[in-house]
Amino acid sequence: MNVWKRVVGSALAAGLVTFGLADNPISAYHYLADPSAAADDSTFYILTDVDDYNNQTNWNYDIIGLYAFSSNDMKNWTDHGMIFRSKREFGNYPNNTWASGIAVHNGRIFIVYPDGASGVGMITAPAIDGPYTDPIMETHGKNRIAGGGSFLGDCDGIAHCFDPGIFFDDDGSGYVIFGGGESGQRPYGNNFDIIKFSEDNGKVTLDRNSLTRVQLPNSFEAPYLHKKGSTYYLSFNNRSQVIDYGMSNNIMGPYNYVGSVIPGIGSVPDAHGEGGNNHQGFAEFQGKWYAVYHDRRLVTSDNHPAATTQAGVRSENPNYENHRSVSIDELTWSGDKMNKLEFTREGPKQLRNFDPYKTYKATTSSKQMNIRSRTDWTKGQAVKHVLLPLTSRSESWIRVSGVDFGKGAENLRIKAANVGDGNKVEIHTGSATGPLAGSCEIAKTSNNMTFSDNDCAMTGLTGVIDQLFFVFKGSKDSTMGLLEWEFQGTKREPEPQTPFGGKAWAVPGKIEVENFDEPGYGAGNDSFSDSDDVNNGDSDYRKGTGVDLYAKASGVAVGYSQAGEWLEYTINVAEDGDYTLFTNIASEGGSAISFMLDGKDLTGEIEVPATGSYDDFQNVKANVALTAGEHILRFTAVKDWFDVDYFVFVKGKDAAESEIANASANGGATAGESSEGSESTSAIVAPVKLSSSYTEYRVFNLSGEFVGTVDLKGTTAAKALNDKGFAKGLYLLKSANGRKSFMASSAK
């Protein structure tokens, strides 16, 4: 279905709704600063700094990352979260990602960012959520464009090597501009540089000979390039904290000074006269021009309940100077000159009605009250941004504007995690206390990183709804996290989980641990729970589940196991009676497991003895009583860190390990006999000690940072870590050939 045709058609038929509520700033739950803007045919992007609380004094900014927002109607914005973390993503560089620039070209996102005031780098990704790579390092072997040790080698005499902007011209050529401050060599008015680059499918090649110095009167910082028609515009923050600009028919200049375009932000409505530094971005979208800027609206407001420190602590007395918010208004023109921007409370007019029948990130809204958010960030993966309601407050909600339900929605699907009691989402129209369209009781999940679908019946949602409110109810803040939502014309009924391969596992018999059930749809129909949705192992088997699967000498095993994680299997017990359950498992000690059958305890807690290493497997057994028929078996990690390969049920109590082979051959695992990556279910199974010719391992801390190497030849991982002087704690070890990885601890 062509979504845009349907949206535009609905807008023409029903007429676009109008709004009178103040929608600036775009986010009421994070302090944001130094915005830049970019757009393609379908989406407008805003890139900002993270400006949340820090332990700092005036002018001592500590910016730890970049946030991104997008919209296709200029009223409802999707908050993508912290898409880039400074001090983490590329080692210890960069230090502070102050004002950065964004561009979109050939379907890719390009971002230029500073290292405080000492250098400029670039990252690129196939989508705004990432994952991002460093094209300058890939092409030129340098981790930045300008600054010490960079592609240019230095900053060409510029005092403040920061505030980069990025621009792509009509012929596909790219340009980076940067600079600010004053030095003896480069005074105010002569403190910007432009360098040209070429781009091919994310590969960037810089042209050293193109480096050009640019002059404009009273230029201070924040250089920004854009183009209208055949004219290039260079805007900047002057020494009076006003955005001025110049024009040229050549992107490299010279630029003729024109005047001011964005006044000092002390005149922004609702900011109580609080001014400070200024920053800007300009972009055209759907035939209109827009300007983004930062202000002091949020921090000076009587209601800024969700802006917190990076550790999540809220201050009742924020430092006005350091904490800014980002707003947007339409930019108008007089011929080829920009008119001075008029700050508004309402922000831009909505361009088209909102289509609710798509899947949206839960952080999509036109206004918010008493919420926070969390970015789930894994290196090398696209980020996930989670909405966290502050439900103990008198009001906690998000609002979506101008929603066109057409003939009507009967269902709302919410994907959420929930570790609290009584959490629910109510849908109201008109206001947060307006008519109730439906209520969603959010199902409990095993942890705040596990998300399940919740389906909720809706009534009365037809035609265009001016204001739609998601109202959050609960007794404790941030115990539910919403990942995404979508409305549906008809309700999708819950679907139960199903055996992997379509057939239940036969008991007595062997179950390969990696062949857990396929998940169903709806709350309570999951077949596994993992602490994150990333496979920390090296196997692509069951790709997309996020279960940590490893390639072992005997096949595929589950590892990196943490307390609370579980896997479920549909089993078919041949007859009532006593059975011995063998679990083939490896641990360095301190681990524990348990089993449940149809939601009831089957084994109690089973301690897992130390097996020597994660390569040394042994069978741990438990006696169980089973009834004939089909059941759901749940295997749970009670205590952290072990690898598990398979389970075997043998008929009778206290069966000997020698009977495992007969159970496997006679009963067999019927669900996965031909599955790629699984062992043959008829093979003779005995305790296995796995070995490898690779003894050198790379060591990573739990933040994913490389911290050294160890050699495991003739020793255990724990001893090797101790002997190399690693601090007490857990580490991830990966073999030099990249085929094996596991967790180990140092006791020092």
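The values are calculated or read from the model by the stated rules, or taken from the named source; none is laboratory data. The model shown is predicted, which means the values in this text are computed figures rather than measured ones. Neighbour counts run over all protein chains shown; Cβ positions are idealised from the backbone, glycine included. Calculation scope for accessible area: heavy atoms of the full protein, side chains included, ligands and nucleic acids excluded. Shrake-Rupley method; radii C 1.70, N 1.55, O 1.52, S 1.80 Å.
The table for this structure:
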read-out	value
Single residue of the stretch 524-537 satisfying the filter (in a loop (DSSP other than H, G, I, E, B) and surrounded by 18 or more Cβ atoms within 10 Å (Cβ to Cβ)) that is nearest to the chain's Cα centre (by Cα)	ASP532
Residue match in the stretch 475-498 (condition: at positive phi, modelled with pLDDT of 90 or more and within 24 Å of the chain's Cα centre (by Cα))	yes
Unmet requirement for GLY153, which otherwise passes all of (1) within 19 Å of ASP200 (Cα to Cα); (2) modelled with pLDDT of 95 or more; (3) open to solvent by 20 Å² or more (accessible area, probe 1.4 Å)	(1)
The stretch 629-650 residues that are under 17 Å from SER591 (Cβ atoms), paired with ones that are in a strand (DSSP E or B) and among the basic types (Lys, Arg) (beta carbon under 9 Å, 6 or more apart)	ASP643/LYS552; ASP645/LYS552; TYR646/LYS510; PHE647/LYS510
Qualifying residue in the stretch 619-637 (condition: in contact with a Lys or Arg (Cβ under 8 Å, 6 or more places away or on another chain) and open to solvent by less than 60 Å² (accessible area, probe 1.4 Å))	no
Qualifying residues in the stretch 363-374 (those that are of a type in the set (Ser, Thr, Tyr) and either farther than 17 Å from VAL326 by Cβ or part of a loop (DSSP other than H, G, I, E, B) (or both)) - the one farthest from the chain's Cα centre (by Cα)	SER366
Near pairs, Cβ below 6 angstrom, 6+ apart or cross-chain, from the stretch 67-96 (over 18 Å from PHE110 (Cβ atoms)) to any residue that is among the charged types (D, E, K, R) and open to solvent by 10 Å² or more (accessible area, probe 1.4 Å)	ASP73/ARG352; THR78/LYS361; ASN95/ASP115
The lone exception for ASN418 - which of (1) of a type outside the set (Phe, Trp, Tyr); (2) surrounded by fewer than 20 Cβ atoms within 10 Å (Cβ to Cβ); (3) within 30 Å of VAL534 (Cβ to Cβ) it fails	(2)
Subset of the stretch 187-220 (residues that are under 31 Å from the mean Cα position of the chain (by Cα) and surrounded by 15 or more Cβ atoms within 10 Å (Cβ to Cβ))	PHE197, GLU199, GLY202, VAL204, LEU206
Residue, surrounded by the fewest Cβ atoms within 10 Å (Cβ to Cβ), within the stretch 507-523, restricted to residues that are touching a Phe, Trp or Tyr at 6+ places or on another chain (Cβ under 9 Å) and part of a strand (DSSP E or B)	GLU518
The stretch 548-583, residues that are within 15 Å of GLY537 (Cα to Cα), in a strand (DSSP E or B) and not hydroxyl-bearing (Ser, Thr, Tyr)	LEU549, ALA551, LYS552, GLY555, VAL556, ALA557, VAL558
Residues of the stretch 508-537 classified as of a type in the set (Val, Ile, Thr) and modelled with pLDDT of 85 or more, total	2
Residue in the stretch 563-582 that is open to solvent by 20 Å² or more (accessible area, probe 1.4 Å) and within 19 Å of ALA610 (Cβ to Cβ) present	yes
Any strands (runs of 3 or more DSSP E) falling wholly within the stretch 595-665 and containing at least 3 residues that are more than 26 Å from ALA717 (Cβ to Cβ) and of a type outside the set (Asp, Glu)	618-626, 629-639, 643-651
Verdict on THR433 being more than 22 Å from THR462 (Cα to Cα) and β-branched (Val, Ile, Thr)	no
Residue in the stretch 269-286 that is within 30 Å of THR124 (Cα to Cα) and charged (D, E, K, R) present	yes
The stretch 384-396, residues that are closer than 20 Å to LEU483 by Cα and touching a Pro at 6+ places or on another chain (Cβ under 8 Å)	LEU390, SER396
Among (1) open to solvent by less than 20 Å² (accessible area, probe 1.4 Å); (2) within 29 Å of the chain's Cα centre (by Cα); (3) of a type outside the set (Ser, Thr, Tyr) - the single one PHE168 does not satisfy	(1)
In the stretch 454-495, the residues that are within 23 Å of ASP517 (Cα to Cα) and either part of a loop (DSSP other than H, G, I, E, B) or open to solvent by less than 20 Å² (accessible area, probe 1.4 Å) (or both)	ASN454, ARG492, GLU493, PRO494
Any hit, the stretch 358-367, residues being open to solvent by 10 Å² or more (accessible area, probe 1.4 Å) and either among the small types (Gly, Ala, Ser) or over 17 Å from TRP485 (Cβ atoms) (or both)	no
Any chance ALA432 is in a strand (DSSP E or B) and over 17 Å from ALA416 (Cβ atoms)	no
Residues (surrounded by fewer than 18 Cβ atoms within 10 Å (Cβ to Cβ) and either within 34 Å of the chain's Cα centre (by Cα) or small (Gly, Ala, Ser) (or both)) located in the stretch 249-269	GLY259, SER260, GLY264, GLY266, SER267, PRO269
Top-ranked residue of the stretch 27-41 - restricted to ones that are open to solvent by 20 Å² or more (accessible area, probe 1.4 Å), outside any strand (DSSP E or B) and in contact (Cβ under 8 Å) with a residue 12 or more places away in the chain, ranked as nearest to TYR293 (Cα to Cα)	ALA28
Within the stretch 103-116, tally of residues that are touching an Asp or Glu at 6+ places or on another chain (Cβ under 9 Å) and in a loop (DSSP other than H, G, I, E, B)	2
Residue list for the stretch 377-403, restricted to those being crowded, with 19+ Cβ neighbours inside 10 Å, within 20 Å of the chain's Cα centre (by Cα) and either outside any strand (DSSP E or B) or charged (D, E, K, R) (or both)	TRP377, VAL383, LYS384
Output for the stretch 560-601, where each listed residue is under 21 Å from GLU518 (Cβ atoms) and touching a residue at least 60 places away in the same chain (Cβ under 8 Å)	SER561, GLU565, TRP566, LEU567, GLU568, TYR569, THR570, ILE571, ASN572, VAL573
